[in-house]
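Inspection log for the structure reproduced underneath, given as structure tokens.
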Amino acid sequence: MSDRICRHCDYCMPCPQGITVSHILDYEPLSMSFTEEYFFTGNMATAMAVAAECDNCGECVNKCPYHIPITDMIAEYVKKYNEGKKRYLKKQATRT
């Protein structure tokens, strides 16, 4: 298995910043499963706002028995999410 696949064991929890790690690490499949409106304004928007506060303390990485690069992935997915949300909002603005 890839070292970037979360097995949802939740050994990485709790996160001192309140990030629901396994939810954030599901970014890619979730981004393909939901409508843009839901993805960029629903629960994922809230979760990504919390994830953006990751301070790279590394507690989750140290606890992960699968050695997933969690903090790197969180930073990557927050960046992708913010870029996608920016495109979504721009598209919404041109519709009105």
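The values are calculated or read from the model by the stated rules, or taken from the named source; none is laboratory data. Quick caveat, the model's predicted, so the values are computed rather than measured. In this analysis, Cβ positions are derived from the backbone assuming ideal geometry, glycine residues included, and neighbour counts consider all displayed protein chains.
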Hey, Met44 surrounded by 18 or more Cβ atoms within 10 Å (Cβ to Cβ) and modelled with pLDDT under 95 or not: yes
Top-ranked residue in the range 77-90 [being touching a residue at least 40 places away in the same chain (Cβ under 8 Å) and farther than 12 Å from Tyr27 by Cβ; ranked as surrounded by the most Cβ atoms within 10 Å (Cβ to Cβ)]: Lys85
Qualifying residue in the range 17-26 (condition: more than 11 Å from the chain's Cα centre (by Cα), assigned to a loop (DSSP other than H, G, I, E, B), closer than 18 Å to Ala75 by Cα and in contact (Cβ under 8 Å) with a residue 24 or more places away in the chain): yes
